[in-house]
Amino acid sequence: MLPGPCKKKRKFMRVLLIYPEYPDTFWSFKYALKFIRKKAALPPLGLLTIGAMLPKEWPKKLVDMNVRKLTKNDLAWADCAFISAMVVQTKSARETISRCKEAGLKVIAGGPLFTSEYDTFGEVDHFVLNEAELTLPSFLADLEKGCAKRVYKTRDFCDIRKTPAPMWELIDLKNYASMSIQFSRGCPFNCEFCNVTALFGHRSRTKTADQIIKELDGLYTQGWRGQVFFVDDNFIGNKAYLKAHLLPALIQWQKGKKGIPFNTEASVNLADDAELMEMMVKAGFDTVFIGIETPSEESLAECNKQQNKNRDLLESVKLMQRAGLQVTGGFIIGFDNDTPSIFQRQIDFIQKSGIVTAMVGLLNAPPGTRLYERMRKEGRLTGLITGDNIDGTTNILPKMGIDELREGYRSVMFQLYSPEYYYERAMTFLREYRMPKIKTSMDFQRVLAAFRSSIRLGILGKERFQYWKILLWTLFRRPQLLTLAFTFTIYGHHFRKICELHIL
């Protein structure tokens, strides 16, 4: 057990790091992962980093509940549990906390969920909130003195150049489809609905290029040869450092390797910088998530999405695709300026853009955002957000009317992820995409995934006509993109399952 107030500290603590389970969502890729025999899309990067911040002499065990179940033996082994979660993991987090308390463990919680809603978790013993680089040392110091407080939080932002590399040895890399690392925190923009700046500030704080190379070396040494996701909320927040330091270092790092594909998140103004896009592709980036939100100029102005205004968004997407970057996109429906015409406008834009993976959600107001405060003042808040962008829920009263909004949303999702629309969109992308020069090999797992998809989708699936059409077209017209075409078919299966089970 953790020591109570002013009690003598034990020599070491057995720490159980727990990551709660995700529900079925677009980004869980649950139904796609089965094709490549992986258990989770990404590892719990925050907990892996926390592990590196805890005293070295403390024994540590990490349980990612998306990979395996939390057992009684795990709980019996531990002295305390560190739990981190996002809002979408709320249900599993509450159940996990209760199990830990029943087992007699003290619970320490942190991460986005608890930072915004810590006052709703009465069973948690200690909250280490905001950036752990600043709050965890204070907690550990008080813990050593036997006088730990319940809540540790700060308004300051840390220097992430001092953040340690994640403890990759706490997980089995083979369970994951992709690895994740973080280069920067913060975003220079101020979108009304986004809580990134509330959590991490407007200034883009970066690690050094040497830090990133060491983290990649650590993964490579352990045998990782797959995709790496840079989890930055806006990877291009500091373009000068990217061009002068990080991207040249990544380009050099890739030499002599088969090619480790990178993907990340960025703002749409990436399309304005041809040099930056070229360097990113040369460094190994092949995919970027872009928050496009809406084709409506009025709604973009409403949410202060300045970087998206007064531009041809469709052409911006095409520029990135032609540069060698696949664009996955985020879209929002339910702004005050949205009229019923927005449903078809969103469908038309997404189809024309060739954005195969389009995450469309209803507008929500996360705590800490300017939108949350505006909705509170207008008396339009209905509760807290679920964190699931595609469950068709919202915590605000929309001006359009909730019934019309939900019905329109269901119609959008039904069309976008029907086989006809989905495969047509994928074909649009494959026609225009410029294959990067850095190529990755089709490993054995991907060969097996292609075989499984041929049976599950090409023979048994409702989309078998569209399935064989896109594969044969790609084989004869753009054979170098055949692996990507197989990937799209598998992703489409996952997206349709999610829509059928949770939306339609």
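When all protein chains stay in place and ligands, DNA and RNA are ignored, the 1.4 Å accessible-area order of Asp217, Asp273, largest first, is Asp217, Asp273.
Counting every Cα pair in the stretch 2-148, what percent are over 21 Å apart?
43 percent
First measure r as the distance between the Cβ atoms of Gln344 and Arg150, then evaluate 1/(1 + (r/R0)^6) with R0 = 56 Å and state the FRET efficiency to the nearest 0.05. List each step's numbers first, then the result.
Values: r = 51 Å, r/R0 = 0.91.
For Gln344 and Arg150, the calculated efficiency is 0.65.
Counting only protein heavy atoms and a 1.4 Å probe, the stretch 180-266 has 39 square angstrom of accessible area per residue. At full extension, Lys497 and Lys39 could sit 163.2 nm farther apart than now, given 0.36 nm per residue minus the alpha carbon distance.
Against the chain, whose longest principal axis comes from its Cα atoms, helix 274-283 is set at around 70 degrees. Note that the stretch 455-460 has calculated 3J(HN,Hα) couplings of 7, 5, 9, x, 10, 8 Hz, one per residue in order, obtained from phi through the Karplus relation 6.51 cos²θ - 1.76 cosθ + 1.60 (θ = phi - 60°); glycine and proline are x.
With +1 on the Cβ of every Lys and Arg and -1 on the Cβ of every Asp and Glu, and nothing else charged, how large is the dipole of the chain about its Cα centre, in debye rounded to the nearest 20?
Details: 72 positive and 54 negative charges, 374 e Å.
Computed about the Cα centre, the dipole is about 1800 debye.
With unit charges on the beta carbon (Lys/Arg positive, Asp/Glu negative), name the residue among Ser92, Thr339, Thr382 whose Cα is farthest towards the positive pole of the charge dipole of the chain. Farthest towards the positive pole: Ser92.
With a ≥ b ≥ c the root eigenvalues of the C-alpha gyration tensor of the stretch 315-459, is it rounded (a/c under 1.5), prolate (a/b larger than b/c) or oblate?
Details: a/c = 2.11, a/b = 2.01, b/c = 1.05.
In terms of gyration-tensor shape, prolate.
Where (i) 10; (ii) 6; (iii) 25 are the candidate values, the label of the one calculated here for percent of Cα pairs over 46 Å apart is (i). Coupling constants for the stretch 185-202 follow from the phi torsions by the Karplus curve (6.51 cos²θ - 1.76 cosθ + 1.60, θ = phi - 60°), and in residue order they are 10, x, 8, x, 9, 9, 5, 4, 8, 9, 9, 4, 5, 5, 7, 10, x, 8 Hz; glycine and proline get x. For Gly361, the amide hydrogen comes within under 5 Å of the amide hydrogens of Phe331, Ile332, Ile333, counting only partners 5 or more places away or on other chains and with H modelled in the peptide plane.
Across the stretch 94-105, rounded Karplus estimates of 3J(HN,Hα) from the backbone phi angles (6.51 cos²θ - 1.76 cosθ + 1.60, θ = phi - 60°) give 5, 5, 5, 4, 4, 5, 5, 5, 5, 7, x, 8 Hz, Gly and Pro being marked x.
Calculation over all alpha carbon pairs of the stretch 268-325 in 10 angstrom steps from 0 returns a P(r) of 23, 50, 23, 4 percent. Using only the Cα atoms of the stretch 173-316, each taken as one equal point scatterer with no solvent, compute I(q) by the Debye sum, divide by I(0), and report log10 of the ratio at q = 0.18 Å⁻¹. Summing over Cα pairs of the stretch 173-316 leads to -1.07. Among Lys239, Lys462, Lys39, Lys145, the order of accessible area from largest down is Lys462, Lys145, Lys39, Lys239, computed with a 1.4 Å probe on protein heavy atoms.
Helix 464-477 sits at what angle to the longest principal axis of the chain, using alpha carbons and giving 0 to 90 degrees rounded to 10? Once rounded, one gets 80 degrees. Against the main long axis of the alpha-carbon atoms of the chain, helix 402-416 sits at an angle near 60°.
Between Thr328 and Val288, Phe289, Ile290, the built amide H atoms are under 5 Å apart, and every one of these is 5 or more places off in sequence or on another chain. Kirkwood radius and radius of gyration were both taken over the C-alpha atoms of the stretch 252-396, and their ratio Rg/Rh is 1.03.
Can you send over the carbon and sulfur percentage of the accessible area for the stretch 85-195, probe radius 1.4 Å, protein chains only? Present the calculation step by step, with values, prior to reporting the outcome.
Values: 2380 of 4780 Å².
With neighbouring chains kept in place, the figure for the stretch 85-195 is 50 percent.
With the cut-off at under 15 Å, measuring from each backbone N in the stretch 356-382 to a point 7 Å along the Cα-to-Cβ line of Leu397 picks out 374-382. Put a plus charge on the Cβ of each Lys and Arg, a minus charge on the Cβ of each Asp and Glu, and nothing anywhere else: the dipole of the stretch 5-77 about its Cα centre is then about 460 debye.
The values are calculated or read from the model by the stated rules, or taken from the named source; none is laboratory data. Remember, predicted model here, so these are calculated numbers, not experimental data. Virtual Cβ from ideal backbone geometry, glycine too; neighbours counted across all protein chains shown. SASA here: full protein model, heavy atoms, side chains in, ligands and nucleic acids out. Shrake-Rupley method; radii C 1.70, N 1.55, O 1.52, S 1.80 Å.
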